[in-house]
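Engineer: One structure, pasted below without further comment.
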């Protein structure tokens, strides 16, 4: 089972930076894109990690890393950016930094980006606020996946929300959730394992809840349910949240929406919109008081009596921080198809993937 | 069945204002409190309407309407207010107005309030932003009801989130949702009807999901599940959202949290915290462009093919706007115990409830 190899973070960063430079990215932008991708693999979100690198940036050059973001309008606490269909990661990094800069001066700030591309994990950008003792918020719209309550065709994207909040000794609180009940990835796994899916995840082409994962075929039939499932378990709340994300991303930026949005790795440019916000805690109350209260609240939650055989109640982000620590020590795991693709495309571009795996 | 009488809005407002003045509220504050209560009944949220008037403000004077809110700290875009255990409605009205004023000048703003009391429907305050062409946000923490994923005892409140967004010809989008799967009120109704509750609403005292509503007894046993239900249907997302509301309300304001919060109509003062935000749309893009896109998005959703026999896909807030229109024309419905309590307590204070019901 030599299917998974583990690599040192520095080695991967080094390769990806060189690789992106060959594709025309500036040194600075190559570093940003590389960090966002690798952060996903580090935190266990492989679906958003390096497995997307070649597909997005090289083979068909869906994302052009040489196009800069452009500010369209600006106020003391807001900005609207045209991503000009460049790199989702670079656009987002730039937008979140602008939020932080404005929040430092005025207390809080928010920036929207239109005409952007898939930006990786939302949590990367919300977490950028942490070292500045700020609360960071990040959202993005995405291609149609979710059905609105009482509908039978997907309209809304899985539209994720991420919020990062600093704490003192505990891990920061980092929410990073799609507003769908689950991601399509979970349905795919059920298909591969040939098992049923739980009621409340998805509907078939007639709009009925289904336990058969084969009833859901992307852009053909079936759809994911919003968080909460059907009406009886308050799925309209998840649908309302997905709509909220769509509003803050595309209506506030003037970006395209719903079925206008293409798949991230298709010839139609995705053209997604993002929303970022930073709030300076010190503008409300002293940061140390805030962080102390965060720790107390986290401890209260963790001390809640457990159901059944559960030993731990997790705080949002905790599992990912644990995994990040483990992977930094033991190497970042990549599956064979992913590192083989990087080796092959690196070779094509003249960037040699001469990394020593750790577990060899 | 003369149990329900309908009254003209103006008549109810008139009575409640006089009634609150007798209890010491200023004319201005009496008007605010009256409007918030009656807005709940108008929009069909009777649980948060006039049925709470006497319990909160008169009999035991849990809420003292004569205590003013006090600003503790302030920046161009933020403020922290001490509600001093006065009226939740007055504190919140004042805080949201402060948000709007700051957002007009700087683009966006946020205000937190601690030591406050139950403020009625969250949607009242988020909707205050609409006439200013702003997006309004409002949250509040509340007494323990929700269990965190893998826990068996409630820690978090049902912590509602409300967001109001202006549109052009369509109704504004008004999300107003608890972060629990359902409110305890729905469990109570199942108890009265002697019917089972759906899987995903609540747990029993051992932390197992239950379909028996009698397994849930406030502050004794059982608990509500967060939006999303158990782990398998992503209940940890609802739990994460409830925690987010708690953070933005109490950690950002320095208010009490979780089990420290008492019931709103008990001798322990509730001491809840609120969070308000206003975003000036014009700071991002021209308001007319924004509103036009809102209408287009709403129409896209409403035109989605319907499942089964459903004829309408609803937008958040739509049902409540329809009901408000109906009740303004036909009178606001009050059940007998509610108007009888108002008649009796009005008499005690020397404020006569001489309202002519409409459907008599």
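The values are calculated or read from the model by the stated rules, or taken from the named source; none is laboratory data. Keep in mind it's a predicted model, so treat the numbers as computed, not measured. Please note: Cβ atoms are built from the backbone with ideal geometry, for glycine as well, and neighbour counts cover all protein chains shown.
Yes or no, residue by residue, for (1) part of a helix (DSSP H, G or I); (2) without any contact (Cβ under 8 Å) to a residue 60 or more places away in the chain:
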residue: B:248; (1), (2): yes, no
residue: B:276; (1), (2): no, no
residue: B:279; (1), (2): no, no
residue: B:282; (1), (2): yes, no
residue: B:285; (1), (2): no, yes
residue: B:293; (1), (2): yes, yes
residue: B:308; (1), (2): no, yes
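Engineer: For the stretch B:205-246, give me each residue that is free of Cβ contacts under 8 Å to residues at least 60 places away in the same chain, over 23 Å from the mean Cα position of the chain (by Cα) and farther than 20 Å from residue B:185 by Cα.
Structural biologist: Hits for the stretch B:205-246 are B:206, B:208, B:232, B:233, B:234.
Engineer: Next question, about the same structure. Is there a residue being at pLDDT 95 or above and surrounded by fewer than 19 Cβ atoms within 10 Å (Cβ to Cβ) anywhere in the stretch A:50-69?
Structural biologist: The answer is no, given that none of the residues of the stretch A:50-69 is at pLDDT 95 or above and surrounded by fewer than 19 Cβ atoms within 10 Å (Cβ to Cβ).
Engineer: For the stretch A:81-88, state whether one or more residues are crowded, with 23+ Cβ neighbours inside 10 Å and assigned to a helix (DSSP H, G or I).
Structural biologist: yes
Engineer: If a residue has to be part of a strand (DSSP E or B) and surrounded by fewer than 20 Cβ atoms within 10 Å (Cβ to Cβ) to count, how many in the stretch A:191-216 make the cut?
Structural biologist: Selection size over the stretch A:191-216: 1.
Engineer: Scanning the stretch A:247-266 for residues that are closer than 25 Å to residue B:234 by Cβ and facing chain B (nearest Cβ under 7 Å), which turns out surrounded by the fewest Cβ atoms within 10 Å (Cβ to Cβ)? Outline the logic, then answer.
Structural biologist: Start the filter on the stretch A:247-266 by keeping residues that are closer than 25 Å to residue B:234 by Cβ, which leaves A:247-250, A:257-259, A:261, A:263-264.
Subset that is facing chain B (nearest Cβ under 7 Å): A:247, A:257-258.
Details: A:247: 24, A:257: 25, A:258: 19.
Here the residue is A:258.
Engineer: So which of B:147, B:163, B:155, B:182 is within 30 Å of residue B:296 (Cβ to Cβ), touching a residue at least 12 places away in the same chain (Cβ under 8 Å) and within 12 Å of chain A (Cβ to nearest Cβ)?
Structural biologist: B:163
Engineer: With respect to residue A:38, is the statement that it is in contact with a helix residue (DSSP H, G or I) (Cβ under 7 Å, 6 or more places away or on another chain), part of a helix (DSSP H, G or I), assigned by TED's automatic domain parsing to the domain that holds residue A:331 and closer than 28 Å to residue B:283 by Cβ true?
Structural biologist: When the stated conditions are applied, residue A:38 does not pass them.
Engineer: A follow-up question, please. Could you check how many residues of the stretch B:89-116 are in contact with a strand residue (DSSP E or B) (Cβ under 8 Å, 6 or more places away or on another chain), surrounded by 24 or more Cβ atoms within 10 Å (Cβ to Cβ), away from chain A (no Cβ under 14 Å) and not in a strand (DSSP E or B)?
Structural biologist: Residues in the stretch B:89-116 being in contact with a strand residue (DSSP E or B) (Cβ under 8 Å, 6 or more places away or on another chain), surrounded by 24 or more Cβ atoms within 10 Å (Cβ to Cβ), away from chain A (no Cβ under 14 Å) and not in a strand (DSSP E or B): 3 in total.
Engineer: Another question about this same structure. Of the numbered conditions (1) at pLDDT below 95; (2) within 20 Å of the chain's Cα centre (by Cα), residue A:34 fails exactly one; give the number of that condition.
Structural biologist: In the conditions (1) at pLDDT below 95; (2) within 20 Å of the chain's Cα centre (by Cα), residue A:34 misses (1) alone.
Engineer: Of the residues in the stretch A:310-345, how many are more than 25 Å from residue A:163 (Cβ to Cβ) and part of a loop (DSSP other than H, G, I, E, B)?
Structural biologist: Here the count works out to 2.
Engineer: Name every residue in the stretch A:162-189 that is within 21 Å of residue A:229 (Cα to Cα), more than 14 Å from the chain's Cα centre (by Cα) and in a strand (DSSP E or B), in order of residue number.
Structural biologist: Correct list: empty.
Engineer: Going through the stretch A:209-237 one residue at a time, which ones are on the phi > 0 side of the Ramachandran plot and within 14 Å of chain B (Cβ to nearest Cβ)?
Structural biologist: Those that are on the phi > 0 side of the Ramachandran plot and within 14 Å of chain B (Cβ to nearest Cβ): A:222, A:228, A:229, A:234.
Engineer: In the stretch A:297-317, what residues are in contact with a helix residue (DSSP H, G or I) (Cβ under 9 Å, 6 or more places away or on another chain) and either more than 10 Å from chain B (Cβ to nearest Cβ) or exposed (fewer than 15 other Cβ atoms within 10 Å of the Cβ) (or both)?
Structural biologist: A:312
Engineer: Right, here's the next one. Can you tell me how many residues within the stretch B:217-236 are modelled with pLDDT of 95 or more and part of a loop (DSSP other than H, G, I, E, B)?
Structural biologist: 7
Engineer: So which of B:326, B:321 is surrounded by fewer than 18 Cβ atoms within 10 Å (Cβ to Cβ), within 24 Å of the chain's Cα centre (by Cα) and under 22 Å from residue B:89 (Cβ atoms)?
Structural biologist: When all the criteria are applied, what remains is B:321.
Engineer: Still on this structure: Answer yes or no as to whether residue A:275 is at pLDDT 95 or above, under 24 Å from residue A:134 (Cβ atoms) and touching a strand residue (DSSP E or B) at 6+ places or on another chain (Cβ under 6 Å).
Structural biologist: The answer is yes for residue A:275.
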